[in-house]
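We did not get these values from a lab; they are worked out from the coordinates using the rules stated. No experiment lies behind these values; they were computed from the predicted model shown. Don't worry about glycine lacking a Cβ; one is built from the backbone with ideal geometry, like all the others, and counts go over all protein chains shown.
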């Protein structure tokens, strides 16, 4: 009798997982044919009460990072279930031997894409940093190569460790989805950093300037 009950519970678990899998597959949307796909997503905004902690984490990450490189962005964001990537070409290696000059790799940019139902606006965790622009150069802190792939993860940090070598004008980002501190990507798509206040932007831009002076390129 015990075996019979165990088998029934097992069947119920398998059925639940199958239903969940079908739901996730149904909810998933392929955004790769849409050049403005990010405009459909909700993104988070870095708040003033977190900016100092985030900057401290970036400073620590720079010291402990395995690999620091300059890379040229080759492609816009590519979406897959649960994450997004961007293709880059390594232009200079400042630290580490994880990659080589002129090597082409994929960087795991957004490690969280959430599509709860077909009626909800999808959400993407961009780490409070905009996607890289094709043809532009960036200072990037890499962590490791993901096994059995040509994909590399970024150094873990509250703010993703990607810094454009060009000067980009940033404006304070206003949350339209209280209390989540978030808004549609289209509302701040011209920014480099998604930060809520002018003082917060000054802090992150000051840190960016110090990094680019330490790791100059052209």
Using 7 Å Cα-to-Cβ label points, what is the residue 95/residue 144 separation (nm, one decimal)? 1.8
Paramagnetic label zone (point 7 Å from Cα along Cα-to-C-beta, residue 174; backbone N under 16 Å) in the stretch 34-76: 45
Determine the relative contact order of the stretch 49-160: mean sequence separation of Cα pairs under 8 Å and six or more apart, normalised by residue count, in whole percent. 31
Hey, quick one: spin label on residue 181, modelled 7 Å out along Cα-Cβ, who in the stretch 128-163 has an amide N within reach, i.e. under 20 Å? 128-131, 156-162
Could you list 198, 213 so that the one with the fewest beta carbons within 10 Å of its beta carbon is first and the one with the most is last? 213, 198
What is the distance, in nm, between label points placed 7 Å from the Cα along the Cα-to-Cβ direction at residue 47 and at residue 133? 3.1
Once the convex hull of the C-alpha atoms of the stretch 135-218 is built, how many Å³ does it hold per residue, rounded to a whole number? 142
Going by Cα centres, the stretch 57-113 and the stretch 134-197 are how many Å apart? 12
What FRET efficiency comes out for residue 66 versus residue 213 if R0 is 25 angstrom and r is the Cβ-Cβ distance? Round to the nearest 0.05. 0.70
